[in-house]
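As structure tokens, the structure follows; a few thoughts come after it.
The values are calculated or read from the model by the stated rules, or taken from the named source; none is laboratory data. It should be emphasised that the depicted structure is a prediction, and the values quoted were computed from it without experimental measurement. Note: ideal-geometry Cβ built from the backbone for every residue, glycine included; neighbour counts use all protein chains shown.
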Amino acid sequence: MTTNTTPQPLRALVTGAGAGIGAATARSLARNGASVLVTDIDLAAAQRTADEIIAAGGTALATRLDASSNEDHVAAVALAEKELGGLNIAVNNAGLTIPSTPTADLTDEQWHKVIDVDLNGAFYGVRAQIPALQRAGGGAIITVSSIAGDRALVGMSPYSAAKHAVVGLMQTVAWEYGDQGIRALAVAPAFIATGMEANLDDATAAALPGLHALGRLGEPDEVGDAIAWLAGPQASFMTGSYIPVDGGLLAR
């Protein structure tokens, strides 16, 4: 299938962009010339990120998006097309964890709380974003997985299950829509200093830096910059990949 090969303005949507990796990704995309729709369940946090981008000379607007709501994803895509003029980059970053809990002790509520955001939310986003990227003539959809998308994460079985699943989701999307110029990637951060590591037990948290070959946690900007690079034309032959940004953790 022939796709639009003329360079297009970069127009991006990022979920969970009020803080952490999502905010870093939105800022990096803007530095690379993208107009960004910043979304988060916390509208005030999303607005702060958008204001940072605007203050730095970029283009951004903010809207509230609950990642577990299909309707919110549909509305966000429509807003991006209306206000930004289209959508050719989508980053599904929104996610959450719960305190470390052995699998047999998990409640239904705990399981569904994670799955509804980390897996169902990614699916709702991708499903809403694909038609917009088709209308734009192609683009990139990047979903944030985790090293837990490849390895066990003790005490975090719903999180690990969701992060494994989004890898398969993105691999399938890559094959279903690659001939339409749509790339799909799963990015896998290791332990990043976002605050979510506070859900781990004390002994595990204390051991985190030493799990990485670099001997430290990653920074949100290090992941955000990698995502922005992958979303751009310089990564045009990359699709269907699971890409660790992990300080060497998975090399051992």
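If only one of A186, A193, A226, A206 is touching a Phe, Trp or Tyr at 6+ places or on another chain (Cβ under 7 Å) and either free of Cβ contacts under 8 Å to residues at least 40 places away in the same chain or within 17 Å of L119 (Cβ to Cβ) (or both), which one is it? So that I can check it myself, show each step before the final result.
Details: A193 fails: touching a Phe, Trp or Tyr at 6+ places or on another chain (Cβ under 7 Å); A226 fails: touching a Phe, Trp or Tyr at 6+ places or on another chain (Cβ under 7 Å); A206 fails: touching a Phe, Trp or Tyr at 6+ places or on another chain (Cβ under 7 Å).
Only one candidate qualifies: A186.
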(message) Name the residue that is modelled with the highest pLDDT, counting only residues in the range 193-211 that are of a type in the set (A, V, I, L, M), under 20 Å from L96 (Cβ atoms) and assigned to a helix (DSSP H, G or I).
(response) A205
(request) Evaluate the following for Q129: is it farther than 17 Å from A184 by Cα and either in contact with a Leu (Cβ under 7 Å, 6 or more places away or on another chain) or not basic (K, R) (or both)? (result) no
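Counting only residues that are under 18 Å from K163 (Cα atoms) and of a type in the set (S, T, N, Q), how many does the range 236-252 have?
Going through the range 236-252 one residue at a time, the tally reaches 2.
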(message) Every residue in the range 140-155 that is crowded, with 24+ Cβ neighbours inside 10 Å and either of a type in the set (A, V, I, L, M, F, W, C) or part of a strand (DSSP E or B) (or both), please.
(response) A140, I141, I142, T143, V144
(request) Identify all residues within the range 21-54 that are surrounded by fewer than 20 Cβ atoms within 10 Å (Cβ to Cβ), part of a helix (DSSP H, G or I) and touching a residue at least 60 places away in the same chain (Cβ under 8 Å); write none if there are none. (result) R31
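From the set of residues in the range 120-147 that are of a type in the set (G, A, S) and farther than 16 Å from A94 by Cβ, which is nearest to the chain's Cα centre (by Cα)?
Initially, the range 120-147 is screened for residues of a type in the set (G, A, S), giving 121-122, 125, 128, 132, 136-140, 145-146.
Among the residues that remain, those that are also farther than 16 Å from A94 by Cβ are: 132, 136-140.
Values: A132: 17, A136: 20, G137: 22, G138: 18, G139: 15, A140: 12 Å.
Here the answer is A140.
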(request) From (1) over 14 Å from the mean Cα position of the chain (by Cα); (2) touching a residue at least 24 places away in the same chain (Cβ under 8 Å), pick out the condition that doesn't hold for A12. (result) (1)
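Looking at the range 89-107, can you tell me whether even one residue there is part of a helix (DSSP H, G or I) and closer than 29 Å to Q234 by Cα?
no
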(request) Could you check H164 against (1) more than 16 Å from A24 (Cβ to Cβ); (2) touching a residue at least 40 places away in the same chain (Cβ under 8 Å); (3) not aliphatic (A, V, I, L, M) and say which number it fails? (result) (2)
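What number of residues within the range 226-240 are closer than 13 Å to I182 by Cβ and not small (G, A, S)?
Total satisfying the criteria: 2.
If we scan the range 84-99, do we find a residue that is over 15 Å from the mean Cα position of the chain (by Cα) and without any contact (Cβ under 8 Å) to a residue 24 or more places away in the chain?
no
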(message) Between T103, T63, which is in contact with a Ser or Thr (Cβ under 6 Å, 6 or more places away or on another chain) and within 24 Å of G224 (Cβ to Cβ)?
(response) T63
(request) Exactly one condition in (1) on the phi < 0 side of the Ramachandran plot; (2) part of a loop (DSSP other than H, G, I, E, B) is not met by G57; state its number. (result) (1)
(message) For the range 160-175, check the following and say yes or no: at least one residue is touching a strand residue (DSSP E or B) at 6+ places or on another chain (Cβ under 7 Å), surrounded by fewer than 20 Cβ atoms within 10 Å (Cβ to Cβ), farther than 26 Å from A23 by Cβ and at pLDDT 95 or above.
(response) yes
